[in-house]
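The values are calculated or read from the model by the stated rules, or taken from the named source; none is laboratory data. Since this is a predicted model, take the numbers as computed values, not measurements. All Cβ positions, glycine included, derive from the backbone under ideal geometry; neighbour counts span all protein chains shown.
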Amino acid sequence: MRQALLKLTDNALKFTERGLVDIRLDITEDGQGVRFCVSDTGLGVSPDVEHLLFSPFSPGDVSYARKEQGAGLGLAVAKRVIEQAGGSIGFESRLGEGAQFYFILPVSGVAASPAAAGDSEAQQAAPGKLSLLLFLRTPSVGEALAHLVEPFGNTVARATSMADAVERAGKENFDAIVTGASDADMIAAAPGVRAPLIAVLLRGDRAPAATDTVLRWPVEADQFYQALNEVCGAEQAAEKENAEIAAIDPVAFSTLEKSVGVKTLVEILQCYIVTAEQLTNALSQACGEEKWDDAARLAQDIVGAAGGLGLSAITQAARNFASAARNGENRHELRNAAQIVVGEHVRARQALIHLYPDVA
């Protein structure tokens, strides 16, 4: 409910240059639902794009939907979230006189949604800001595990040999060590090793004697996240500061996946990647032509698209660019800031594809 209401309010504020934005809450006439309504005095919705507004990243015209690239994803997500909660969402508008977006939720109870329930039943949020040492003799296994945690702001050090793993485990401070079951006992016995060990049991391996957790390969993301959360502790990561902003916010992303389900999320991410590519390319072009107002608007569209998905780093980078453009920073600073946005787009795209190969 909060996510949907914030998105409708954000859109109303973005598309209203004069007048007001009004938020109302009422009980429906039959007393069975609650109606949230956000009205604005903007340009309104053109009739020829009305049927596209709740589709991810639908093209729009020069009126209400002129900036729809930054809002379309949010409306699509809001629609799915509200409908899976047993509600409905819609709008009324007259061109040139503003728009009224609303959603209705039942007073009590949640609509049955088998797909959503199945996706969220045992889902674990990914940990963040952990420092991990990884040593697995099968490179594909090691890379698969690294791709599950790196997008969420975790740092993964890859040991190249047993000697390298033993030396680094004994000298450096890691939150956890992830290694093959056949190597776990030797690493655990090495001098100076204090970090908890997670052993990955491949076909034909014997379970190690000295380890904190054993995971049998193939390892599901939820299993890996749960093991890390258990051996590291949530508060351990929360205390770390000055870490690189994660490409993906684990809590926001986990919440979104639970809300809409994996299948729907993949569809949304496919739309996001296509449009983010268009937006970042347009941002680079606008900077090259020194059209800073257009560039600032494009950056704000990126914020609208990425922020609702929990893509933390590109959202922050785009906010920083928009703020710098508004403050009249020099062209060199703005171009550097734009390059950071483009780089974060590439990082987010790679992270999403690693997490959900069907997105590609």
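Remarks
- Every listed requirement among (1) in contact with a Leu (Cβ under 9 Å, 6 or more places away or on another chain); (2) modelled with pLDDT of 90 or more; (3) not β-branched (Val, Ile, Thr) is met by HIS332 save one, (1).
- The range 129-185, residues that are within 30 Å of the chain's Cα centre (by Cα) and among the polar types (S, T, N, Q): SER131, THR138, SER140, ASN154, THR155, ASN173, THR179
- Residue in the range 281-298 that is nearest to SER254 (Cα to Cα), counting only those that are surrounded by 24 or more Cβ atoms within 10 Å (Cβ to Cβ) and modelled with pLDDT of 90 or more: LEU283
- Contacts under 7 angstrom Cβ, first residue in the range 336-354 being closer than 12 Å to LEU279 by Cβ, partner in a helix (DSSP H, G or I) and of a type in the set (Phe, Trp, Tyr), 6 or more apart: ALA338/PHE321; VAL341/PHE321
- In the range 1-47, the residues that are assigned to a strand (DSSP E or B) and among the small types (Gly, Ala, Ser): GLY33, SER39
- Just so you know, in the range 1-18 the residues that are under 12 Å from ALA99 (Cα atoms) and at pLDDT 85 or above include one that is surrounded by the fewest Cβ atoms within 10 Å (Cβ to Cβ), and it is LEU13.
- Total residues in the range 347-360 satisfying the condition of being loosely packed, with under 15 Cβ neighbours inside 10 Å and farther than 12 Å from HIS147 by Cα: the figure is 2.
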